Amino acid sequence: MPQSDYSFLKIPRNLHDLQILRDNLEVYTSDYTVQVLVGYSLVYVFMQTFMIPGTVFMSLLAGALFGVFKGMVLVVSTATAGASSCFFLSKLIGRPLIFSLWPDKLVFFQDQVARRKDGLLNYMLFLRLTPTLPNTFINVASPIVDVPYHIFFLATFIGLIPAAFVTVRAGIALGELQSLGDLYDFSSMATLFLIGVLSVTPTLISKKKA
């Protein structure tokens, strides 16, 4: 980057930090798009891998810098890559961590996965689309409860699209946001929950037939 004060280059923790970052990166992004894309992707994957809070601000930044379509592709691909990295890292060393942080959630998740083996993709999609369990927990716990990676990958990639669309689209009007609560109004949350219910419906129907 050109010589300047780099104090704005930090992971945003609030909307004020994010707006400052956006203002400083807008012009640079148009001239050095590839460098910004690579830097953005590395930061997002790193944050997802090590469960660092703030990816919602990064998703907003993608919309502000790249627009809805490019921003969505960027967010979904980097979020999936980061979640996958977290999955494999947890598979290696995550068992003690998750037993200490979320013992009750782990028991619940393990029971649900065991009961839904035949419709596991639908169930994982439901979890990604609704706030039933935190995404961070799903990333860390999935390998511990024996969710196959291909199921985890598909559910993550597809399931993140609706929420990514809501967040990235909001990033275009970043200056109008007063708080993160403005992102998820009642209609947005209702839509995401409805999509989640539809994703798990085939599994429920097949269980009733059985």
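The values are calculated or read from the model by the stated rules, or taken from the named source; none is laboratory data. Owing to the predicted nature of the structure, the values given are computational and were not obtained by experimental measurement. For neighbour counting, all protein chains shown are included, and Cβ atoms are generated from backbone atoms with ideal geometry for every residue, glycine included.
Summary of computed values
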item: Val36 vs. criteria closer than 19 Å to Leu18 by Cα and more than 19 Å from the chain's Cα centre (by Cα); result: yes
item: First in region 47-63 and closer than 16 Å to Val36 by Cα and buried (at least 20 other Cβ atoms within 10 Å of the Cβ), second anywhere and of a type in the set (Phe, Trp, Tyr) and at pLDDT 95 or above, Cβ under 6 Å, 6 or more apart; result: Met58/Tyr44
item: Residue satisfying all of: in region 139-151; in a helix (DSSP H, G or I) and touching a helix residue (DSSP H, G or I) at 6+ places or on another chain (Cβ under 6 Å); farthest from Leu89 (Cα to Cα) among these; result: Ile151
item: Filter result for Val56 (at pLDDT 90 or above and under 17 Å from the mean Cα position of the chain (by Cα)); result: yes
item: Selection count, region 24-56, where residues are of a type in the set (Phe, Trp, Tyr) and not in a helix (DSSP H, G or I); result: 2
item: Residue match in region 83-90 (condition: under 15 Å from Pro134 (Cβ atoms) and among the aliphatic types (A, V, I, L, M)); result: yes
item: Flag for Ser100 being of a type outside the set (A, V, I, L, M), under 20 Å from Thr49 (Cβ atoms), part of a helix (DSSP H, G or I) and modelled with pLDDT of 95 or more; result: no
item: Selected residue (criterion: nearest to the chain's Cα centre (by Cα)) from residues of region 67-79 that are crowded, with 22+ Cβ neighbours inside 10 Å and not hydrophobic (A, V, I, L, M, F, W, C); result: Thr78
item: Count - residues of region 44-60 that are aliphatic (A, V, I, L, M) and under 12 Å from Ala81 (Cβ atoms); result: 2
item: Residue list for region 104-126, filter: touching a residue at least 40 places away in the same chain (Cβ under 8 Å) and buried (at least 17 other Cβ atoms within 10 Å of the Cβ); result: Arg116, Gly119, Asn122, Tyr123, Leu125, Phe126
item: Conditions (1) under 30 Å from Tyr149 (Cα atoms); (2) surrounded by fewer than 16 Cβ atoms within 10 Å (Cβ to Cβ); number of the one not met by Asp31; result: (1)
item: Residue pairs meeting the criteria (Cβ under 8 Å; at least 6 apart or on separate chains; first of a type in the set (Asp, Glu), in region 19-44; second modelled with pLDDT of 90 or more); result: Glu26/Ala64; Glu26/Leu65
item: Residue satisfying all of: in region 133-150; touching a residue at least 60 places away in the same chain (Cβ under 8 Å) and of a type in the set (Val, Ile, Thr); surrounded by the fewest Cβ atoms within 10 Å (Cβ to Cβ) among these; result: Thr136
